[in-house]
Amino acid sequence: MSPAPIALYPDLRERPVLVVGGGAAAERQVQALLAAGALPRLGGAPALTPVLQAWADAGRIQWLRGRFDGAWLDAVWYLVAASDDPAVNRQALQAAAAQRVLAQDATGAADTAAATQATDDTGDGIGASAAAATAQAIRPGTVTLVGAGPGDPGLLTLNALRALRNADVVLHDRLVSAAILELLPGTAERIEVGKSASGHSVRQEQIHALMLEHARRGRRVVRLKGGDPFVFGRGGEELEYLRTHGVPYAVVPGITAALACAAYAGIPLTHREHAQSLRLVTAHCKESFDTLDWAALAQERQTLAVYMGVAGLDTVRERLLRAGRAADTPFALVENGSRPQQRVVVGTLADLPDTARAHQVRSPALLILGEVAALATGLHWFGAAPLSALPSPFPKPAVPTLAHAA
């Protein structure tokens, strides 16, 4: 059922990479390459976008003027075909194959263009639309579930980035960050299928239908989920549906919110002196609250990570206190974890809902409860210091952390 594993990008740090093109698609590829530490060279385009031109003028990239020249490949490690002209992309990819240079089609158009050319060369009079249908028949549709992590695009895996750049259509959650969506190729169709407690929501059955519809049209579908597809992401249900309908699929795991939010808040989820176990729970509705084992959750020396629980903090406090958890148990609410606007609010269980209301904590936010939550007051390193009435368990650091040492 599953397609071949998604190939990893090579390590391109300090290595020259040729990007063919000069438009918006090429600009996105160059931006990603610069972030990866590569040395981009740009060619095969008569003009550049203003951003690319500014980078070329500043010496951040090298612009090779004129038509594509296969000799350009002699000094590069990798080629990215990102031209707005499918014929130029096809020429570049063919040259790369002949010279055994690793290459990637960043637009997805070269496959269809190649099929069109191959059909026209036979002289049988079949037009471009029929050739495109031939290309779709050759390449069956697939669906890849991709974990987008908590929001910082730097936390995407290489496999996730590869899947995004090769997508024809992306069904993405509402909370997938704009910075991650900017990594998509300009040719990819974007469809928001997010769910929210209030307002517009897309039912799970509709998401299933969209995946099936686009896959049956021969498209490479990416189902882009915040966090990890298999941690409160309904990824299992989606795979069951795809398997039932004979659609090939793959899964690219992502960094789930509990791991990312804790790390960016300076909270070790387990700690030899404070917590030897970790529980991940979701509490987004009354029914989910009623199914939880509150006596087990109230045990000491363990950490609770509560997903989607901002609206139910009064109930969380009530149930845990009733089950025996100490009123002075520390908590941390991490809002927009890993994103530039991250906030961390720290307090004690007794004051949990009141503190959250006082600071107007909003979704997306993760609740971390347990002895380790207090460590955020001293170990934080990303963004602003936590908002807390708790004393720090550590002396003031003698040197700034990496995040503050600009």
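Please report, for the Cα atoms of the stretch 258-404, the Rg to one decimal and the Dmax as a whole number; what are they, in angstrom?
14.3, 49
Give the span of the stretch 245-326's Cα atoms along each principal axis, as three whole-Å numbers ordered largest to smallest.
49, 33, 20
In debye to the nearest 20, how big a dipole does the stretch 242-374 give about its Cα centre with +1 on each Lys and Arg Cβ and -1 on each Asp and Glu Cβ?
Dipole magnitude for the stretch 242-374 comes out near 340 debye.
Determine the equivalent ellipsoid of the stretch 48-111 by diagonalising the alpha-carbon gyration tensor, then write out the semi-axes as square roots of 5 times the eigenvalues, largest first, rounded to whole Å.
21, 15, 10
Taking amide H positions as placed in the peptide plane 1.01 Å from N, state which residues far from LEU64 in sequence (5 or more) or on other chains have amide H under 5 Å from it.
Placed amide hydrogens put LEU42, GLY43 under 5 Å from LEU64.
Filter the GluC sites (Glu not before Pro) in the stretch 265-370 to those in DSSP coil with at most 12 other Cβ atoms within 10 Å of their Cβ, and list the result.
Passing both the DSSP loop test and the Cβ count: GLU273, GLU300.
Along each of the three principal axes of the Cα atoms of the stretch 1-108, give the extent in whole Å, ordering the values from largest to smallest.
Each principal axis gives a Cα extent; for the stretch 1-108 these are 47, 28, 25 Å.
So for the stretch 140-255, considering every pair of alpha-carbon atoms, how many percent are separated by more than 18 Å?
44 percent
What trypsin sites (Lys or Arg not before Pro) does the stretch 261-336 have in DSSP loop regions with at most 11 other beta carbons within 10 Å?
ARG272
In whole Hz, with x marking every Gly and Pro, tabulate ³J(HN,Hα) for the stretch 170-180 from phi via Karplus 6.51 cos²θ - 1.76 cosθ + 1.60, θ = phi - 60°.
Listing the rounded values in order: 10, 9, 10, 5, 5, 8, 5, 5, 4, 4, 6 Hz.
Could you give the alpha-carbon Rg of the stretch 218-267 over 2.2 N^0.38 Å, rounded to two decimals?
Ratio of Cα Rg to 2.2 N^0.38 Å: 1.41.
We did not get these values from a lab; they are worked out from the coordinates using the rules stated. This structure is a prediction, so every number in the text was calculated from the model and none was measured. When we count neighbours, we look across all protein chains shown, and the Cβ atoms used for this are built from the backbone with ideal geometry, even at glycine.
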